[in-house]
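Asker: Sharing a structure with you now.
Laboratory data are not the source of any read-out in this text; all were calculated from the coordinates shown. Note that the coordinates shown come from a computational prediction; the quantities given were computed from them, not determined experimentally. Quick reminder, even Gly has a Cβ in these numbers, built from the backbone with ideal geometry, and neighbours come from all protein chains shown.
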Amino acid sequence: SIQNSNGIILIHYKIYRNVSELPKGWNALCSHDIFLRTGFLKGLESSLPTNMSGYYIGIFKGENLVGITIVQRVQMYADDIFRKSSRNILKQFAKQLVSKIVKGNALVVGNLMHTGQHGIYYNEKEISQNDYLSQLEKALDDLILEIRTKFNKKVRIILFKDYFEDDIIHENTSFFKANNLYKAQVQPNMVFTIPETWKKTEDYISAFNKKYRRRYRIARKKASNLSYKELDTEYLKDYSKAIFSLYETVSDNARVNSFKLQEQHFYQLKVHLKDDFKVIGVFLKEELVGFYTLILNDKTLETYFLGYNKELQHQYQMYLNMLFNMASFGIENGFKTIVYARTAMEIKSSIGAKPKAMSIYLNHTNSFIANTVLKGIVKYMNPMRKWEERYPFDNKK
């Protein structure tokens, strides 16, 4: 029944386990964000890391879909979390301790594979944030029960991921308090806001101050032997091994990681997102030596995974040149912002990106593990590294 005895339209939720089951109106509701739409979700579903699975929650007011949530179940194992082994006994002990607490199942409200809030959306004209979160709470309880009965696994961590400081979700303190979800700051998201007056790459270069214009020219000169080419679906299918190997070089270098992409990931995203997903190959003569990926999300250009040959990276300043290429693409194609995500903040600030603070909310289901312990783990797994912001333009805006 969609109404109670007093004629009030009931709010309820449904959990979906496959993208193909999603109700009509799903894409219309979240047309502003490609990461919530079925094209991206299908590409993701067909190439999720082996330790991840997706759930999709629809929240209804009567028969109308008024809210959606993306939830990822992540099975955390020590080998996935820590790629590099260390000989330092203290570090080994810290890793063992962390993996004991983190190991097991986590439910992530959002997308663990991309920086930003890409997990929740509701039509605020139809449903209040309070009612939306209350339905989400019930759906998460259902999922916790299902994972325990179906897989005999206990959900240890619940994570609401990546909210900017001006997100209205922070106003709902009573929800987070009631669910023992505590707020923790994580590394900022590096965001490049493109001035409206910039229409071509030359506008960008001429805005640099003398020092950074020289740096730009040196980087471009070093990479003069490299060529860039957009890779099509066929190439991504035929050369998925080579592309994956370049991705792995960069991914395995990370101190902490909670997943590893599948080899077919980029191919699957290209199949499902078509022109909204760009994979740019970096070639030295005829050899693929690097690549970077872009997702076209309305007026926002989202940078995604990349990879390169480690031996050639320094010589050709490959990473820096990729960042310049991304900026150039964003400007030439009329994007308002470029999301550079949360790694390598200093070098990203040197090409024009600015840090935007982000927070997460999390809860460990073991009541013996206090928030102070969890806070320590967040800091260990996502350390707030000291870095110096650069100001490449004459005005320090």
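Asker: Scan around Val191 for amide H atoms under 5 Å from its own, H built in the peptide plane at 1.01 Å from N, and keep only partners 5 or more places away or cross-chain.
Answerer: Tyr340, Lys354, Lys356
Asker: So what are the ³J(HN,Hα) numbers for region 152-167, from phi and the Karplus equation (6.51, -1.76, 1.60; θ = phi - 60°), rounded to whole Hz, Gly and Pro as x?
Answerer: Along region 152-167, the couplings run 6, 10, 9, 6, 9, 10, 10, 10, 9, 10, 6, 10, 5, 5, 8, 5 Hz.
Asker: If the only charges are +1 at each Lys and Arg Cβ and -1 at each Asp and Glu Cβ, what is the size of the charge dipole of region 180-262 around the Cα centre, to the nearest 20 debye?
Answerer: 740 debye
Asker: Further question: Estimate the FRET efficiency between Glu286 and Arg217 by the formula 1/(1 + (r/R0)^6), using the beta-carbon distance for r and 30 Å for R0, to the nearest 0.05. Don't skip to the end; give the middle numbers.
Answerer: On the way: r = 27 Å, r/R0 = 0.89.
Efficiency, rounded to the nearest 0.05: 0.65.
Asker: In region 147-172, which residues have a backbone nitrogen under 20 Å from the label point lying 7 Å from Ser134's Cα in the Cα-to-Cβ direction?
Answerer: Residues 168-172 fall inside that zone.
Asker: Pop a pseudo-label 7 angstrom from the Cα along the beta-carbon direction at both Gln313 and Lys386 and give the gap in nm to one decimal.
Answerer: 2.3 nm
Asker: Give the cross-link partners of Lys356 among the aspartates and glutamates, using a straight C-alpha distance below 16 Å as the criterion and excluding same-chain residues fewer than 8 apart.
Answerer: Qualifying aspartates and glutamates at Cα under 16 Å: Asp162, Glu165, Asp166, Asp167, Glu302, Glu346, Glu388, Glu389.
Asker: So if each residue of separation counts as 0.36 nm, and I subtract the Cα-Cα distance between Thr343 and Asn209, what length gain in nm does that give?
Answerer: Roughly 45.8 nm would be gained on extension.
Asker: Then there's this: How far apart, in nanometres, would the label points at Tyr228 and Ser46 be if each is projected 7 angstrom from Cα along the Cα-to-Cβ direction?
Answerer: The modelled label-to-label distance comes out at 2.8 nm.
Asker: Using a 7 Å offset from the Cα along the Cα-to-Cβ direction at both Ser20 and Asn64, what is the distance between the two label points in nm, to one decimal?
Answerer: For Ser20 paired with Asn64, the spin-label model returns 3.1 nm.
Asker: Does region 172-322 come out rounded, prolate or oblate by the C-alpha gyration tensor, with a ≥ b ≥ c the root eigenvalues, rounded set by a/c under 1.5 and, if not, prolate when a/b is larger than b/c and oblate if not?
Answerer: oblate
Asker: Which of Lys183/Lys299; Lys210/Lys354; Lys24/Lys125; Lys211/Lys278; Lys24/Lys150; Lys237/Lys260 have a Cα-Cα distance over 22 Å?
Answerer: The pairs that break the limit, which is 22 Å between Cα atoms, are Lys183/Lys299; Lys211/Lys278; Lys24/Lys150.
Asker: If you don't mind, another one. Tell me, what ³J(HN,Hα) does each residue in region 349-364 have, in order and in whole Hz, if you take phi through Karplus 6.51 cos²θ - 1.76 cosθ + 1.60 with θ = phi - 60° and put x for Gly and Pro?
Answerer: Result, rounded to whole Hz: 5, 6, 9, x, 6, 10, x, 10, 4, 9, 10, 10, 10, 8, 8, 9.
Asker: With θ taken as phi - 60° and the coefficients 6.51, -1.76 and 1.60, list the Karplus ³J(HN,Hα) couplings across region 323-328 in order, rounded to whole Hz; mark glycine and proline as x.
Answerer: 4, 4, 4, 4, 4, 4
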